[in-house]
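Please treat every number below as a calculation from the coordinates, not as lab data. What you see is a predicted model; the values in this text were computed from it and never measured. Using ideal geometry, Cβ is built from the backbone for each residue, glycine included, and neighbour counts are taken over all protein chains shown.
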Amino acid sequence: MRKVCQNCKTDFTIEPEDASFYVKIDVSPPTLCPDCRYRRRLMDRNEWNLYRRKCDATGESIVSIYRPEAPFPVYHKEYWHGNGWDPMQYGRDCDFDRPFFEQYAELRRVVPHMSLVSPSSVNSEYANQSQELKDCYMVSASGDTEKCMYGNWYEHSYLCGDCYMMDKGELCYECINCARCYACTWSEDCFDCSNVHFSTACQGCQNCFGSANLRNKNHCWFNEQLNKEEYEKRLAAFDWSRTAIAEARAKAAELALKTPRKYFHGTKAYESTGDYLENTKEAKLNFNCRESKETAYLQDSWVVTDSLDITEILSVERSYEVQGCAYIRNSMVIRSSGSLNECFYCDMCEASSNLFGCFGVQHKEYCILNKQYSKEEYLALKAKIVAHMKATGEWGEYFPPEQSPFAYNESVAQDFFPLTEAKAKARGLAWYTASEKDYKPTIIAAELPATIAPVGDDILNQVIRCATQDSEADKVTHPLCATAFRLIPLELDLYRKLGIPIPDKCAPCRRTDRFAKRNPRRLFRRHCDCAGFGKGGYANQSSHSHDSAACTNEFETSYAPGRLEIIYCEQCYNSEVV
């Protein structure tokens, strides 16, 4: 079935398996294309923009994802989970003469919001959408992690900084999509590695520098095999200055362009499309997903079954249009909630079942708009509301973007679908203009020591002017620049342990640079670039199934046509690399 997106006006297809799912959960096919549905969910999610404000219950100073002028009360997360208030006191009847979303927006504006989400975390005040953290700073979407900072998707990691998608990492810095790595820096797609630097797509390697596509190697320098003595001699001669690091990164990037890359990132992805997939089956257009089966249009979601349109999730089954949740079953349109079953149109609800249109409700069942009903009353009223929402065109649609508690540029939508202020406002989207920063730098980036050696503890007292501020062009490409920053003791300890210089850019600018290295979350149809054994730019004694002829395999990949990387199908990649 072909449809036209009501938002971007592009054509999109309702696949037969999607249509069967919509029939199963009794909703009409979506009115927006998958990208616009994804953007709509992201507009309801703020990970990085944190504010100092007062708790409206206790008056204490807290850190929150909501600005001080937010049009609803905000409680510190510990108080919010306590017994000092009752979300049921805000209960109300459903008015069938008005759209349901309008009534829900009114409820959302009066019920207290939780300041941020970081359950079971210790000394991690500046962490959001995470759990079981200890001594972490400015991390999001992370879990079971200690002493990590400035990054997201840390899992089971210790003392890492400025990383994205790091699982079981320790003492790592500026790494992307790495797992089980120790003491690695400026590396991507590396697994089971230690003391690997400026490297790409290496596995089981130790003591490698500037390398790409290596397997179980030791003492390699830009893919050149060295003996231990020569490697250690070259490494000792590398001064780890900011200039030397920039040159090594550029040389490593040049080498990476000469070696093939597999068309997608991941393993054990059966009958699946997307990128960064692990242990998936019948997963369509999924990105950064693990342990998923019979799913479509998922992002950053683990352990999902029989579900569509799911974002930032842990453990979901037979659900639709869910964002920022954990342990959700048989539910639809849920935001920032946990442990729910048979719930619909709920936000910040926990450990409940059979809720409809509730906000902040915990340990309850058979509630509608925060009002308690008997089972029989609930089921009858629910059926009536569903019929009403079908008549208004609301049933099956996610919360309207204009009802998001965040401005567009505060939300994660700005990371994946960036807009200028003018374009956002032209689309009727809210935009937040922060007050002009009044930082008073005590040192500019150009004055920072080139290496870590001469840096004393007094650097912790300095206010460093971000290097982005020295270039008008950089200001344009780094719109989230904080203009100035300070170091915390934890990161200085990391820099010293790794022997790397302190950064010359603020954390938001470093994050912008890191995110720019990611592939887009969309797919392109391409041919395998392998033109025959030995013609891909990578030397190996293996043979290809197509011998000297060009490979005829096609695939969908997040590497757009025209990019400089050499992209191989899995068979050719395994023949030459693995």
Using only alpha carbons, build the gyration tensor for segment 377-498 and give me the equivalent ellipsoid semi-axes, biggest first, whole Å.
47, 20, 12
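Can you put LEU490, LEU255 in order, fewest other beta carbons within 10 Å first? Numbers along the way, then the final one.
Values: LEU490 15, LEU255 18.
Ordered by Cβ neighbours within 10 Å, fewest first: LEU490, LEU255.
Efficiency by 1/(1 + (r/R0)^6): what FRET value for ALA391 and ASP144, r their Cβ-Cβ distance, R0 = 45 Å, to the nearest 0.05? Each step should come with its number before you reach the end.
Details: r = 46 Å, r/R0 = 1.02.
In this case the efficiency is close to 0.45.
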So how far apart, in nm, are the two label points at GLN89 and CYS8 if each is 7 Å from Cα heading toward Cβ?
4.5
Between THR200 and residues 5 or more places away or on another chain, the pairs with built amide H atoms under 5 Å apart involve GLU188, SER211, ALA212, ASN213
Could you give me the ³J(HN,Hα) list for segment 107-113, computed from phi with Karplus coefficients 6.51, -1.76, 1.60 and θ = phi - 60°, whole Hz, x at Gly and Pro?
5, 5, 7, 10, 6, x, 9
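Counting other beta carbons within 10 Å of each Cβ, put VAL463, VAL63, VAL74 in order, fewest first.
On the way: VAL463 13, VAL63 17, VAL74 25.
Least to most surrounded, the residues fall as VAL463, VAL63, VAL74.
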Unsatisfied cross-links (Cα-Cα over 23 Å) in the set LYS233/LYS505; LYS54/LYS437; LYS24/LYS281; LYS147/LYS268; LYS147/LYS497; LYS251/LYS517
LYS233/LYS505; LYS147/LYS268
What list of ³J(HN,Hα) couplings, whole Hz, do you get for segment 416-422 from phi and the Karplus terms 6.51, -1.76, 1.60, once you set θ to phi - 60° and write x for glycine and proline?
9, 9, x, 10, 7, 4, 5
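Considering only DSSP beta bridges where both residues belong to segment 127-262, give the percentage that are antiparallel (nearest 5).
Details: 2 of 37 bridges.
Close to 5 percent.
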Give me ASP458, ASP35 ranked fewest to most by other Cβ atoms within 10 Å of their Cβ, as a rough exposure proxy.
ASP458, ASP35
Sequence-distant or interchain residues sharing an amide H contact under 5 Å with ALA283, placed H: which?
SER272, THR273, GLU294, THR295
If you bin the C-alpha pair distances of segment 439-535 every 5 Å from 0, what whole percents do you get?
2, 12, 18, 18, 14, 10, 5, 5, 7, 5, 3, 1
R0 of 51 Å, Cβ-Cβ distance HIS527-THR305: FRET efficiency to nearest 0.05:
0.95
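Restricting to the chain, compute how many DSSP beta bridges are antiparallel as a %, nearest 5.
Working: 17 of 110 bridges.
About 15 percent, rounded to the nearest 5.
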Calculate the spin-label point distance for PHE238 paired with GLU125, positioning each point 7 Å from the Cα along the beta-carbon direction, and give it in nanometres.
3.8
Roughly speaking, what is the stretch gain from SER374 to ALA473, that is 0.36 nm per residue apart minus the C-alpha to C-alpha distance, in nm to one decimal?
29.5 nm
For a label point 7 Å along the Cα-to-beta-carbon line of HIS81, residues of segment 100-122 with backbone N under 18 Å:
112-122
Averaged over every viewing direction, what's the projected area of the C-alpha convex hull for segment 127-262? Give it in nm², one decimal, please.
7.9
Quick one: what are the phi-derived ³J(HN,Hα) couplings along segment 234-251, Karplus 6.51/-1.76/1.60 with θ = phi - 60°, whole Hz, x for glycine and proline?
5, 5, 5, 7, 6, 8, 6, 7, 4, 5, 5, 5, 4, 5, 5, 5, 5, 5
On full extension of the chain, what length is gained from GLU106 through GLN403, given 0.36 nm per residue of separation minus the C-alpha to C-alpha distance?
105.9 nm
For ARG261, list long-range residues whose amide hydrogen, built 1.01 Å from N in the peptide plane, is under 5 Å from its own amide hydrogen.
ILE566, ILE567, TYR568
Can you tell me the alpha carbon radius of gyration of the chain divided by the globular rule-of-thumb value 2.2 N^0.38 Å?
1.02
Distance between segment 153-176 and segment 336-377 - C-alpha centres, whole angstrom
36
Give me the distance in nm between label points sitting 7 Å out from Cα along the Cα-to-Cβ direction at TYR182 and ASP26, one decimal.
5.6
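What translational diffusion coefficient, in µm²/s and rounded to a whole number, does the Stokes-Einstein relation yield for segment 283-402 at 4 °C and a viscosity of 1.567 mPa s, taking the hydrodynamic radius as the Kirkwood radius over Cα pairs?
Values: Rh = 14.3 Å.
It diffuses with D of about 91 µm²/s by this estimate.
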Post the alpha-carbon centroid distance, segment 200-225 to segment 491-518, in whole angstrom.
23
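Can you work out D for segment 74-144 in µm² s⁻¹ from Stokes-Einstein, where Rh is the Kirkwood radius over C-alpha pairs, the temperature is 10 °C and the viscosity is 1.306 mPa s? Before the final figure, lay out each step's value.
Values: Rh = 14.2 Å.
My calculation gives 112 µm²/s for D.
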Antiparallel DSSP beta bridges within segment 1-144, percent to nearest 5
55
